[in-house]
Every structure is written in C-alpha cells, then in structure tokens.
Amino acid sequence: MSAPKRKVSGAVGAILGLVGMSAIAGVLVTAMVTPALAVTGLAANNSIGVFENLPSYIKPDALAQTSSVYGKNEDGSNVLLASFYEQNRQTVGWNDISQFAKDALVSTEDPRFYVHGGVDVQSTFRALVGNVVSGGISSGASTISQQYVKNILVQRAEAIDDPTQEAAAYAEATAQTTDRKLKEAKLAIGLEKEYSKDDILLGYMNIALFGGRVYGIQAASEYYFGIPASQLSLPQAASLIAIVNEPEALRIDLDEEHTAANKARRDKDVLASMLKEHTITQAQFDEAVATPVTPNITEPSTGCQTAVHGAGFFCDYVKKIIEQDPTFGDTADARDKNLATGGYQIYTTLDMKLQTQADETVKYYAPYDASNLDLGAVLVTVEPGTGRVTSMAQNKNFSEEPDAPADSTSVNYSTDAAYGGSTGFQVGSTYKLFTLIAWLQSGRSLGDIVNGSNGQSYNLANFKNTCGGASGGTYKPGNDAGEAGGRASVLNQFEESVNNAFITMQQSLDQCAIRDVATSLGVHRANDAPLDTYVAAGLGTNEIAPLTMAAAYAGVINKGLYCSPVAIDSITDANGAPVAVPQANCTQAIDPAIAQAAAYAMQGVIQSGTATPANPSDGTPHAGKTGTTDNEESIWLVGGTTKLVTASWTGNVTGHVSIRHTSIYGPGSGPVNSGYTRLYMWRDFYKQTGDSYGGDSFPVPPRNLSAGQSVKVPDVTGLSIDAAISKLENAGFEANDAGEQDSNRTAGQVSSTDPAAGTSATKGADIDVFTSNGKLKSLPDVTGKIPIDSVNTLKGQGWNVTQQVSPDAGCKKNSVVSQTPETGDYNQSTTPVTLVICQ
C-alpha cells in the first residue's frame, strides 16, 4: 500500500524538522532523484529500509598506483626507466598539493564541505526543489564526501578481474537509482565519522579521474602541465578542477574545442566560485581569467620503450622477472595486476654510467639494420661476487609494437627465451673454458703437453660420456684458420683456441664432467633444453644466452664463487614498505685454486692470444676467451676484470651469413670487418668506462696446476723402434720416429732419443726416437806412428785418407804429427781422414 499523499509544503516542513537525522537525509537524496515520489510519498519506506541495512561506513581501499622502474646514476640518484599502470596515478600527501587546487575543489564542488556532516541538507533541499519544478533530475547535490564514496565503489568495480562481474559492479556504483543515492549518502555520513575533512578531501583528490587514464591531482598536474601538484598556479589548478566535472569533455590534451570548453568551465564556474567563497581576490580572479589555458603535455613513461640509453631491453627483463616470479603473486594474472596497480618503486641493478657506455659502443660498431644479414650485437655485464646485472645493450631499439621498424625489436638477445624471446646462440670456443676446468679438476695442469695438430681424426667410440651414451663413427673437426696446432702446452693451446687440442683433451675426460662444470656455473640452454654432451658440444654447439655466459665467467674470475644474475636491488610498495625481491644464489662452484688457474689462462688470451686486439692496454688486468661458431655465424668475447665481466656477441639473429667474412657499416665506425666487432666493442667498453671501476691482478696458479708433471726419459737404446715408442708412451710421453742416424749400433736398433735418456721432461712432451743406420766405424789414433804404416792401416779399414806435410822443421821425422778427425766413431762414407806427417 502506498504512503498517503502530502502537500509539498507539508513535506518540506517535515524535512526541516528532521534535518539532523541521517536517515531522513537519505530520504532527501531519494526525493532529489525521484521528484515524483517526493510529491506522492511512494516507495519512501522501502528506500528507508535499504538505507538502514547498509554498513555504517566505507573504508577507502588502496588505490591503483603507477609502478616505476629505476636505474642508478653514478652519484646515487635514480633514473626513471619506465612506468606501468592501469591508472596513471601517484598518491601524494596533503602538503604536496597546491592550496589553489584545494580551494578550487571545495569552492566549486562543495562550498559547505567543512560545515556539513557528509550530506549537505541545504544543498539537497535546493536541488530537490529544482528537480520538482523541472519534473526530472536537473541538478544534484552530492558532496565531496559522497563523490569520494562513489569513486571508491567505482575503483572497487574496476579492480574485479572477471569482466562480467566488473561491468555489473560498475553499473551498480554509477546507477541513477534511489538505492544507490541512499547508499552513497549513508556511507558518506559514516565516512565523516571515521576520517577528518582534510583526509577526505585528500583522498578525493588522489582518486578522482582527470580524463583518459590520468587519475589523481599529482598525475594530472604532471601530465597536463609538466609540474608537480605542489607547484600549480591558480589558473592551472582551476583548469584541473574544471576537468573533474566532465573528465572526457573538459580534458585539455585533445584539441582547441576541448581546451575552450575547459576555459569556459574554469572561468565561469571554478574561478567564479572561488571569488564568491572569498578564497581568491578580485585581482587574482581577473588575472586568472585573462590567462589562457596553455597545457604542457608530458607523456608518462608508459612501458619499457621509453627507457633512456637503450635500457628498454633491461627494463623488459626486469618486467618479465616480476611477471614470472611467485614472489610477486601466486598467478600470472595476479603478478600482472600487482605490477600495473601496486605502486611498486623498483630500484634495479642497472648502472647508468655503464649502460650509457655499452649502448653507445654497440651502436657505434653495429648498425641497427644491416642490408646483407640479420645482424645482432650485444654487450651485457655482470658484477662478480654479486650477480648484479649492471648493463645490457644491443644494436636495436626496444619496441613491442607489432609493426615496429627494422631498427627495433622486442626480442632481447642477452637473455633466455622466457625473459626476452631469444633462443640463444652457439657459443663456440668460449665453451672451452669448461673443458679446461674439467681438465684441471682431473689432476692435470696448464703445462701438460697435448697434440693440436690439424688433420687428426677421432674415433668417437673412444670418448667417455656417462650421461649421453656411447657414439661411434669418425670425427674430424679441424682447426680454425690461424690456429697454430701442433704439440704445445694446454696453456698455449687455450690462448690460441686450438680445436684439435681440446678434442684431444676431451678424449681423456668424461664429456659429462665437462657439462657438470658448465652447469655448476649456471650455464643452461636459452630454451631450457638440457645441455648437449656430444663431443662437438665441447667446441660450443649449445645455444646459450650472453647473460648466462657473462655470469658463468664472472664466477670463474671470482675465484670460483658463482652468483646467479639478479636485476633488482630493492622494491617498495605504494606505502613505502619493502617488498621481497629475488636474491642471487651464490655457490662455490669451482675450487678457488682451479678457478685461479683458469683465470690466469684467460689472461693470456687477452695479452697474447686470440683476443689481443681487444686488450685495452691501460694497466688494468683483464681475462677472457674468444669464441667462433661454424661458418662464423656467431662470434664472442666473454671476460673482463675482477670488478666487471662482459659478454660481447655479434652474430646472425636469423640466417647463416659468415660474420668474419662480412663488412658492416657501424653508424659511427664506418666499414668494419664483422669478425672484429666483438673485440672492439669489448675493448672500448672497458677502456672508456669499465676499467674506471678498477680490477685486481690474476696471480700465477700453484705449480701443480701451472707446470706439467716432470718425468725422467727412460733409456730405450738398443730396442726396436716399436718397443721404444711403446716404452716411452707408457712413461707418459708422446714418442715420434725421428728416422735413422749415424750409429755404431746394429742397423735398425734405437741409437738415441731427444731429450736424452735420464733427463727430465714434461709429461706428454714429444720425445724423438732415432734408429741406427749401422754406418759408424771406430777411427783409431795413429799419431806418432810411421806414416806409411798408418796410411795402409786406415785404408785397409776402409777410410779415405789424404796426407799433408808438416811445415814444422823441428818435428819428429818419419812420423804422423796429427790426424783429423781425432779418434772416435764416424761414418766412413762422409768422413775423410787427413794425416799431417813429418818427413
């Protein structure tokens, strides 16, 4: 049954009699939006029932806020790389907002804000009368508190993940219904009982929409005028408050029409209200009205493509860490949401001094886009002992746009597929470091002699592989152009990167042990597949990310202590509280003494080996290793100092073009043989910036790791050549048949070795074995004897004899004064005998 009809005057009288009652204030709101019901009294009781069943107040939620990623300058100041948000908002405090903005909002939207208790009865009554007269909703009377409540409910709706539920909640929060107005009124009254007026005003200014995706007075001030909210002038503050009334219609970043509409609202409503409420003077009003609306649109850093100094790829790496690490949410959707709304302040490991140098260096030598190949180039640096990634640069601009130009990509060549889309690159001879370490772990040394001669064929069945199974067939890898080969120490073979020497070493090792060294240093394939352990894998056929290789080498240079890469130093949430971040996992992967020996060997590569052109020659000790893949499709230099370790890579992103035999035109360098780009990039990075961070020396390793085992050469004289070689090889030497030599031993017997029997030589050294030709005869001494008898004796023995007369008049007559050669063993066919006689 409907309520009895009342006259308007009677209804007003009743209202005025109960202005202090919250429930009746709610009925006033109902009457405001439903003027017909106000006259007839219909549904009032139902609305009051809804009103009474509402909670007493609403607690403001944490607002969706912008998350930002920062690098670090040399002076310790932060550099904004990028921001991520659903709503571009930065919550600020009371003192961070211009008083003009506060006064403008109160004067325009709710002049009695500091007087009413959440619902302004006088304003509500005026709106009620106006709506009754018009027969519709021609004006509202929502206070700032009521508008704040509405915004809170809208924010809650927009935070719902399910689209259907979100739409329903949004419709409920914005519906022009009696129930919604009642709810808004009661919650506003309750809000004012829990929070101060200033807190409510501040909350509203932080939550309000200012057009597009700009929320809150701080983001609006920075976006529209390029200044913080604390610095807003009167005309600027009035323009922003004007936007709140109709955010899309009155925003000032679209066109002249919108700007003109904003100025009209600013002058006629906002400034006029401020003048009316005496928050500004007439002079201030006149000056502000005469000031044009002149926006200075400052686009926020929306995504990693805005990062400076080529840091977009590092920024994206950080973003993907957050998106994938359970630390930041239980599900992928939750992690995405937290990044976009959590107001994270993400302080990374990126050193802007190093990043700037890396970016400039890569782009100096490697063009964004080469006409003759799909070229990629990378410099990525890790700090030994911490795993902190201090720079990450490549020869492209970062962009996630589907139609990005050829000079841009979203693929990060430095990282694994999961963190940047790249499946890695074959690492070539940089993988030999792990074979070298396995060699040292097996009790061998840098001084051991191994055969790196070209042309060797290897029976694959002779290679041990406990984790990959046996294989058969013949393998003939061959040495790279310029590799000396031959027999030499492991140290020399490493410095010259001789393929066959390392395959020979692998023949003495378990291929699985080489893999285990690599994995202990964090090495893994970029696509997360298991590392191959085939014999050829020792020459670097696994596809690995440059960042992974830099971290592994940093572990070796850091005395075997490996630290997994980390890119985030710290994070705080929107309230300034710390957020847990992924930590480096540091383990003693390699015995320090063995790591020291390996680093010492790497130093030789820079000083006198394959990386000599990369040596900065500035007094700072460096260590590293080069790598070249089949067909020179990828070329590497990985290494650095005890302070910084860098992977320098140049190669085919796709395709199979020889890098070494191709010239490229770097933007700053002009034509450069691509085979040298990885060397020059690495050199310039350290010489110009990296070495300013210092670096300690690489000491000589212990003798047992640096010098080969010394063994005495056994005596094999008198043996057959086969028996001698067998005896020498059993003693640990490499024996070679050096052919025949003059000897008085039976022809075919071993006559001597070089080094000689009984001397010490390095185990594995070459021993030349000589066999007798049986041609040596003993030459007797005939000095002092009768010449004719001596000649006959020697000729009778087969010697070719000539005579000379002594010029010495005092010599003993009829005797041999001297002979050449003296008594000994000689080859008669090649040794004439000369006798000097005295007549």
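Only protein atoms count toward the accessible area here, which uses a 1.4 Å probe; on the stretch 410-494, the carbon and sulfur part of that area reaches 45 percent. Averaged over its residues, the chain has an accessible area of 42 Å² per residue, based on protein heavy atoms and a 1.4 Å probe. Label sites at residue 404 and residue 296, each approximated as a point 7 angstrom past Cα along Cα to Cβ, lie 3.2 nm apart.
Computed in the context of the full set of protein chains, the accessible area of the stretch 698-788 at 1.4 Å probe radius has 46% of its extent on carbon or sulfur. Label positions at residue 284 and residue 481, each projected 7 Å from the Cα along the C-beta direction, are separated by 7.9 nm. Estimated at 0.36 nm per residue, the fully extended path between residue 608 and residue 99 surpasses their Cα-Cα distance by 176.3 nm. Ranking 788, 771, 739 by how far each Cα lies toward the positive end of the dipole of the stretch 720-798 (charges on Cβ) leaves 788 at the top. Think of the stretch 551-704 as having a plus end and a minus end, set by charges on the Cβ of Lys, Arg, Asp and Glu; of 615, 704, 692, 704 sits farthest toward the positive end of this dipole.
For residue 712 and residue 331, what does the FRET efficiency come to when R0 = 56 Å and r is the distance between their Cβ atoms, rounded to the nearest 0.05? Plugging the Cβ-Cβ distance into 1/(1 + (r/R0)^6) gives 0.20.
Ranking of 142, 648, 710 by solvent-accessible surface, largest first: 710, 142, 648 (1.4 Å probe, protein heavy atoms only, all chains present). Taking the Cα centre of the chain as origin, sum charge times position over the Cβ atoms of Lys and Arg (+1) and Asp and Glu (-1), and report the length of that vector in debye to the nearest 20. Here the chain has a charge dipole of around 880 debye.
I'd like the FRET efficiency for residue 196 and residue 512, computed as 1/(1 + (r/R0)^6) with the beta carbon distance as r and R0 of 41 Å, rounded to 0.05. It comes out at approximately 0.05. Extending 7 Å from Cα along the Cβ direction at residue 268 and again at residue 78 yields two label points whose distance is 4.4 nm.
Express in nm, to one decimal, how much length is gained between residue 741 and residue 585 on full extension, taking 0.36 nm for each residue of separation and deducting their alpha carbon distance.
Full extension of this stretch gives 49.8 nm more.
Taking all protein chains together and a 1.4 Å probe, the residues 706, 471 rank 471, 706 from largest to smallest accessible area.
When Rg and Dmax are taken over the Cα atoms of the chain, they come to 44.3, 174 Å. For the chain, the relative contact order comes to 10 percent (Cα pairs under 8 Å, sequence separation of at least 6).
Gain in length, residue 573 to residue 246, computed as 0.36 nm per residue apart minus the alpha-carbon separation, to one decimal in nm?
Details: separation 327, 0.36 × 327 = 117.72 nm, distance 3.13 nm.
Gain on extension, residue 573 to residue 246, equals 114.6 nm.
Among 685-697, 547-559, the peptide with the highest mean count of other Cβ atoms within 10 Å heads the list, and the full ranking is 547-559, 685-697.
The values are calculated or read from the model by the stated rules, or taken from the named source; none is laboratory data. Note that this is a predicted model, so its numbers are computed, not measured. Neighbour counts run over all protein chains shown; Cβ positions are idealised from the backbone, glycine included. Side chains included, ligands, DNA and RNA excluded: accessible areas come from the protein's heavy atoms. Shrake-Rupley method; radii C 1.70, N 1.55, O 1.52, S 1.80 Å.
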